[in-house]
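In what follows, a single structure is set out as structure tokens and then discussed.
The values are calculated or read from the model by the stated rules, or taken from the named source; none is laboratory data. A quick note: this is a predicted structure, and the numbers were derived from the prediction, not measured. Don't worry about glycine lacking a Cβ; one is built from the backbone with ideal geometry, like all the others, and counts go over all protein chains shown. Areas reflect the complete protein model, heavy atoms only, side chains present, ligands, DNA and RNA absent. Shrake-Rupley method; radii C 1.70, N 1.55, O 1.52, S 1.80 Å.
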Amino acid sequence: MDVLAEVLRVSGARGALGVVLKAGGTWGLWLDSYPGAALHVVSRGTMWLHVTGEKPLQVQAGDAVLVPPGTAHGIAGGAGVTMGSCDREEAARAFGDGRALRLGSAPVQTEVIVLHYEQDPEVRTPVLTSLARPMRVTARENAQLRRTVELLAAELAQPQIGTTAAINSIVDLLLVQFVRAWLARHPQEQSGSWLGAMRDPVVRDALACVHAQPGHPWTTETLAAATSVSRATLSRRFRSALGQTPGAYVTQWRIDLASVRLRDTDEPVESISGAVGYGSPHAFSRAFRRVRGTAPGEYRSRLRK
């Protein structure tokens with residue numbers, strides 16, 4: 001079971017090309033908080049990332065920086081540049097016309113590909129939101145990421161048949177490669193996050209069991225047995241990695257799965273409750289109401305209005 005792939009699939013974590021920036025001279029752009037995550041990929045030159053309360057971060061050609069969802073930030077040609085507001089309408093027109101958004105003055109010295117990632121709001125299991133701070137991956141530390149950036153830049157520079165499909169696939173590939181590179185770093189950079197939990201083999205194996213068989217009657221004891229550790233060890237490692245008990249995680253993931261099926265299908269509540277591991281619709285309704293604050297039927301009706 002590839003836990004990351006499964007969670008990305010269910011959470012609908014998908015990327016989209018925002019805009020391509022071409023800048024020169026003195027330039028800066030302040031981006032208001034955006035509900036999704038932003039990935040800035042520098043294909044040429046140097047960019048500086050500005051986040052309130054943090055030191056400016058230099059991002060060079062071939063590097064990428066992922067900004068957590070909802071983080072207001074700015075990008076600029078220098079560490080001390082005054083940044084103007086983003087003209088979203090002009091950016092949307094540039095994207096619609098297939099042209100780059102020009103900033104500053106000629107000649108062009110820096111090119112930045114701005115990507116956006118969102119995940120299904122009905123899925124509470126954090127992937128993108130597990131990042132607490134902007135994370136940079138450099139071209140030097142990840143050759144695969146560098147080659148993917150080059151491929152994306154080439155597709156954008158010479159659009160042809162199938163370019164849209166190719167870009168969509170490359171954008172999703174970039175997220176996976178970014179996560180891989182991030183996980184390869186020192187463990188202390190990832191503690192307390194869902195992605196960081198992938199570095200703990202005990203927690204990772206337990207999550208693989210849950211995601212492979214969400215309908216199985218998992219308990220802390222049965223998960224501990226499946227991962228060949230004691231109940232106390234599993235509970236301790238789970239709390240350290242994710243800040244919650246194994247049972248709480250099982251419930252969270254089951255309710256995530258049920259929420260998506262309630263919204264996207266016409267399956268009876270009884271069928272969904274059994275599929276996600278509840279022995280009776282009453283037990284499922286009680287758990288669902290505890291997590292989502294409403295009954296499954298009411299939840300379905302509200303989403304479909």
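Residues of the range 197-214 that are outside any helix (DSSP H, G or I) and touching a helix residue (DSSP H, G or I) at 6+ places or on another chain (Cβ under 8 Å): Met198, Arg199, Asp200, Pro214.
Within the range 60-97, the set of residues being without any contact (Cβ under 8 Å) to a residue 24 or more places away in the chain and either surrounded by 15 or more Cβ atoms within 10 Å (Cβ to Cβ) or among the basic types (Lys, Arg) (or both) comprises Arg88, Arg93.
Restricting the search to the range 203-250, which residues are over 22 Å from Val276 (Cβ atoms), crowded, with 17+ Cβ neighbours inside 10 Å and modelled with pLDDT under 95? It would help to see each step written out before you state the result.
Filtering the range 203-250 for residues over 22 Å from Val276 (Cβ atoms) gives 228-233, 235-237, 239-241, 243.
With the extra rule that they be crowded, with 17+ Cβ neighbours inside 10 Å, the set shrinks to 229, 235, 237, 241.
Those that are over 22 Å from Val276 (Cβ atoms), crowded, with 17+ Cβ neighbours inside 10 Å and modelled with pLDDT under 95: Arg237, Ala241.
Any residue in the range 14-30 that's among the basic types (Lys, Arg): show its pairings with residues that are modelled with pLDDT of 80 or more and outside any strand (DSSP E or B) at Cβ separation under 7 Å, as long as the two are six or more apart or on different chains. Pairs that qualify, where the first residue is among the basic types (Lys, Arg) and the partner is modelled with pLDDT of 80 or more and outside any strand (DSSP E or B), are Arg14/Asp172; Lys22/Ala100; Lys22/Val108. The condition of being at pLDDT below 90 and either touching a helix residue (DSSP H, G or I) at 6+ places or on another chain (Cβ under 8 Å) or in a loop (DSSP other than H, G, I, E, B) (or both) holds for Val19. Scanning the range 8-58 for residues that are open to solvent by less than 30 Å² (accessible area, probe 1.4 Å) and among the aromatic types (Phe, Trp, Tyr) yields a total of 1.
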